[in-house]
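Each remark here refers to the structure printed beneath this line.
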């Protein structure tokens, strides 16, 4: 294997940060969409003077909320989901992200669709026949439009299968979810995935129709599929976040979160993460403070180097407690041989994986931060669980728009190795093992992880440099 084409992760310094409306040939496009695109955009909108007052995060399905708003107020729904065409939009329109273009005078142009006019053209009543047309399309995906229109012109049978299909477009209204869950997500909970996780804990507390264990779908990372998931080194951070939610909202520690990292099939079982008891939560929080205090002598809380180092240190400590080989140690060993400035036409998958692991660490701290913010906002009872020192540290967490790019991520890992930051921090940790981890800088090893089989996690008791350079999200902070 020659590795991953460098164009997928590296941009020339002379290029713009991120081409939002790139319509070049397929060979020049990225393998996947930027993994944190949605929270980055939402975060930018909430900080924008013009849009912050009209930007809102809603529970449940956004499709229905947007459709109801456009039906009443008029306007255009910008989406990537064609299901919007099935909802009642009144006189409203739908436009798709794939159709956005930037013209010669830097204005955004797009094709829009007016369902009301479309149904008038094909001779069906709107919105009454919209759902039936979509259902007939699902039943006969190879049929022509004329054939589907003909079937839809006849009375609907309203079979059990049709009613099940209808339920997909009649989810509970947003205000019902707010009222039933007895919670209100704070303005800073800008990531829909995290907000959905928090809301599901509240719904479970009220006996809602939420599956147990609660499911968490992590954003896909550009990583090496032959190695363990790049989310692995940061599992302990998310484990703490999930446990805080369980302890503060449901007041139970016998629950679990089913975490999905690489969903390659509908049968994917995910990874079961049982929640910590309260006593263990407190010890983990104290460890964050202890490690953070030591790292403060190297970096400020606002530097992404601080958070990368803290994440790696926590993973090493957790692995040592469980008596397993730290994933982060392999990352550390690889870091001695990194040469971020030497980029050819292809990048090794081992380096791609390091980049993904760094992204996973930073995003996991983001999850923990938003969980703590939510707990502070909800009630004084839930806020008592919050460790104020950890809360203060995380308030300075690097935002998505300032996450390091590929080049800077490798450079960060190399610097941590060069300065001996991790050795210094690990020596201050109190672990259940008598022997400290040994850092052998002269005997570098090749990453040799196996494919992630998602084993269950056991709860074991405890005894800035060029921040904005070519970051695909940094342009979102520009008005």
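Computed from the coordinates by the stated procedures, all read-outs in this text should not be read as laboratory data. All values derive from a computational prediction rather than experimental measurement. Note that we place each Cβ from the backbone using ideal geometry, even for glycine, and neighbour counts take in every protein chain shown.
Each peptide among 299-312, 36-49 gets the average number of other Cβ atoms lying within 10 Å of its residues, and from highest to lowest they stand as 299-312, 36-49.
Distance from the Cα centroid of segment 54-91 to that of segment 269-290 is 38 Å (rounded to whole angstrom). Exposure proxy ranking for 99, 69, based on other Cβ atoms within 10 angstrom of each Cβ and starting from the fewest, stands as 99, 69. Compactness of segment 61-171 is given as radius of gyration and Dmax, 15.2, 52 Å, from Cα positions.
A straight line joining the Cα centroids of segment 137-166 and segment 96-126 runs 24 Å.
Normalised by the number of residues in segment 49-177, the mean separation of alpha-carbon contacts (under 8 Å, six or more apart) gives a relative contact order of 23 percent.
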